[in-house]
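Q: Quick one: structure below, then a few questions.
The values are calculated or read from the model by the stated rules, or taken from the named source; none is laboratory data. This structure is a prediction, so every number in the text was calculated from the model and none was measured. Cβ sites come from the backbone with ideal geometry, for glycine too, and all protein chains shown count toward neighbours. These area figures cover heavy atoms from the full protein model, side chains too; ligands, DNA and RNA do not enter into them. Shrake-Rupley method; radii C 1.70, N 1.55, O 1.52, S 1.80 Å.
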Amino acid sequence: MCEDRKDMSTDLRDSRSRAASTPSGPSAAAAGPPAPGPRAVAELHDLVIDWFDENARDLPWRAPDAGAWSVMVSEFMLQQTPVSRVLPVHQEWLARWPRPADLAQESPGEAVRAWGRLGYPRRALRLHAAATAIAQRHGGEVPREHDELLALPGVGEYTAAAVASFAYGRRHVVLDTNVRRVFARLVSGTAYPPNATTAAERRTAGGLLPADEATAARWAAATMELGALVCAARSPACGSCPVAARCAWRLAGSPAHDGPPRRGQTYAGTDRQVRGRLLAVLRASSDPVPQAVLDGVWHEPVQRARALDGLVADGLVEPLADGLYRLPA
DNA sequence: TAGACGTGGCA
DNA sequence: TTGCCAAGTCT
């Protein structure tokens, strides 16, 4: 397989220069980008996977002895939170709760407390609920089927595919923000993917997915890593990219983003900020906290009450008698 | 389907 | 300093 890579590379360059110098290619009139031939796709797989073999970060949930539970915990924590901040918390969780059943035996409040400042603490609640479901319905083993994973709390399309692929080596389209950006540039020639995942993106990703199961799983991890380390959102390192020569965005002159504005997230002054402050106080206290203490975190009483009510409604906070509050028991 | 949902680092 | 961005899910 290593031997004919050189040959494929030559063929690829040839076919690309032919395509570039021949305006009336057969697929040029189609609405989407032309689908690369099987040789070109196989070449792409080799280039990206070889790059991954050389450059993959040494992350604990990728270790050979990392189990599916380690992968699953990492996937929950990595939802919208950078790797560097996940690393220490993931280590603590796996040491404290090495199996789903261990977490399931704890109170949900302990999960929220141990979540620390990772953000989006509902994820802690959902991970705890997922662990409970795994203990009750799956004999304590993280399920390996995509639909079983998808049925777990907090597991959506991406996480189900990621766990099945990374933990069990299954073949799934793993479409996260990194992969979507890589394909937007490489295939579609745009600086960024659309705001919401489209059917066209799923089609593209499905068409590029290696047929072989083990290779598909490798490809999923490799494209994500490429997006995270090289094909970055703000300053892509195209000089280090293994597929820069065939990147549609590069070939088009790296045009700036021209679509609708990328969704910004305001934070200061929002309910989210108030919720964050309230929960920080509750996490720090092993005893129930009086309402008066919570009142100190935010000046505006209406918003403060709304935020606290929201936390209670979400199950992140438990109201007790006498105006006391605590993390859920 | 658009908006809610935390937090911190970097340009 | 401000705004963007980080392995999404749920409603």
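Q: Residues that are in contact with a Leu (Cβ under 6 Å, 6 or more places away or on another chain) and in a helix (DSSP H, G or I): does region A:297-305 have at least one?
A: no
Q: Within region A:176-199, can you find the residues that are of a type outside the set (Val, Ile, Thr), open to solvent by less than 50 Å² (accessible area, probe 1.4 Å) and in a helix (DSSP H, G or I)?
A: Of everything in region A:176-199, those that are of a type outside the set (Val, Ile, Thr), open to solvent by less than 50 Å² (accessible area, probe 1.4 Å) and in a helix (DSSP H, G or I) turn out to be A:178, A:180, A:181, A:183, A:184, A:185, A:186.
Q: Which of the residues spanning region A:136-150 are open to solvent by 40 Å² or more (accessible area, probe 1.4 Å) and in a helix (DSSP H, G or I)? Talk me through it step by step, then tell me what you get.
A: To start, the set of residues in region A:136-150 that are open to solvent by 40 Å² or more (accessible area, probe 1.4 Å) comprises A:136-139, A:141, A:144-145, A:147-148, A:150.
Once the filter is applied, which keeps residues that are open to solvent by 40 Å² or more (accessible area, probe 1.4 Å) and in a helix (DSSP H, G or I), region A:136-150 yields A:136, A:137, A:147, A:148, A:150.
Q: Let me ask something else about it. Out of everything in region A:299-320 that is free of Cβ contacts under 8 Å to residues at least 40 places away in the same chain and surrounded by 19 or more Cβ atoms within 10 Å (Cβ to Cβ), what residue ends up being farthest from the chain's Cα centre (by Cα)? Working first, answer last.
A: If we filter region A:299-320 for residues that are free of Cβ contacts under 8 Å to residues at least 40 places away in the same chain, which is where we start, we get A:299-313, A:317, A:319-320.
Then keep just the ones that are surrounded by 19 or more Cβ atoms within 10 Å (Cβ to Cβ); that gives A:304, A:307-308, A:311, A:317.
On the way: A:304: 31, A:307: 27, A:308: 29, A:311: 25, A:317: 27 Å.
Step by step, filter region A:299-320, then rank; the result is A:304.
Q: Also, I was wondering about something else. Would you point out the residue of region A:223-264, among those that are among the aliphatic types (A, V, I, L, M), in a loop (DSSP other than H, G, I, E, B) and more than 10 Å from DNA strand C (Cβ to nearest atom), that is modelled with the lowest pLDDT?
A: Going through region A:223-264, the residues among the aliphatic types (A, V, I, L, M) turn out to be A:224, A:226, A:228-230, A:232-233, A:237, A:243-245, A:248, A:251-252, A:256.
Then drop every residue that is not in a loop (DSSP other than H, G, I, E, B), which leaves A:230, A:232-233, A:237, A:243, A:252, A:256.
So of that shortlist, the ones also more than 10 Å from DNA strand C (Cβ to nearest atom) come out as A:230, A:237, A:243, A:252, A:256.
On the way: A:230: 98, A:237: 97, A:243: 98, A:252: 96, A:256: 92.
Checking each candidate, the answer is A:256.
Q: Looking only at residues in region A:80-102 that are within 11 Å of DNA strand C (Cβ to nearest atom) and buried (at least 18 other Cβ atoms within 10 Å of the Cβ), which one is nearest to residue A:128 (Cα to Cα)? Before you say what the answer is, go through the steps one by one.
A: First, pick out the residues of region A:80-102 that are within 11 Å of DNA strand C (Cβ to nearest atom): A:80-87, A:90.
Add one more test, that the residue is buried (at least 18 other Cβ atoms within 10 Å of the Cβ), and what stays is A:86, A:90.
Working: A:86: 17, A:90: 14 Å.
Of everything passing the filter in region A:80-102, A:90 is nearest to residue A:128 (Cα to Cα).
Q: Which pairs have Cβ atoms under 8 Å, sit 6 or more apart or on different chains, and link a residue in region A:150-179 that is over 16 Å from residue A:74 (Cα atoms) to one that is open to solvent by 50 Å² or more (accessible area, probe 1.4 Å) and of a type in the set (Val, Ile, Thr)?
A: A:175/A:197
Q: Then there's this: Suppose we filter A:293, A:243, A:274, A:230 for residues that are of a type in the set (Val, Ile, Thr) and open to solvent by 50 Å² or more (accessible area, probe 1.4 Å); which single one remains?
A: After applying the criteria, what remains is A:293.
Q: Can you name every residue in region A:54-111 that is away from DNA strand B (no atom under 16 Å from the Cβ), in a helix (DSSP H, G or I) and aliphatic (A, V, I, L, M)?
A: Result: A:68, A:71, A:72, A:94, A:95, A:101, A:103, A:104.
Q: Select from region A:160-175 the residues that are surrounded by fewer than 22 Cβ atoms within 10 Å (Cβ to Cβ) and either within 16 Å of DNA strand B (Cβ to nearest atom) or more than 24 Å from residue A:233 (Cβ to Cβ) (or both) and list them in ascending order.
A: First, pick out the residues of region A:160-175 that are surrounded by fewer than 22 Cβ atoms within 10 Å (Cβ to Cβ): A:168-171, A:173.
Matches in region A:160-175: A:168, A:169, A:170, A:171.
Q: Now for a different question. Have a look at A:244, A:256, A:232 and point out the one that is closer than 28 Å to residue A:47 by Cβ and near DNA strand B (Cβ under 10 Å from one of its atoms).
A: A:232
Q: Suppose we filter A:105, A:80 for residues that are at positive phi and among the polar types (S, T, N, Q); which single one remains?
A: Residue meeting the stated conditions: A:80.
Q: Checking residue A:165 against (1) more than 18 Å from residue A:206 (Cβ to Cβ); (2) assigned to a helix (DSSP H, G or I): exactly one of these is not met. Which one?
A: Just one mismatch for residue A:165, condition (1).
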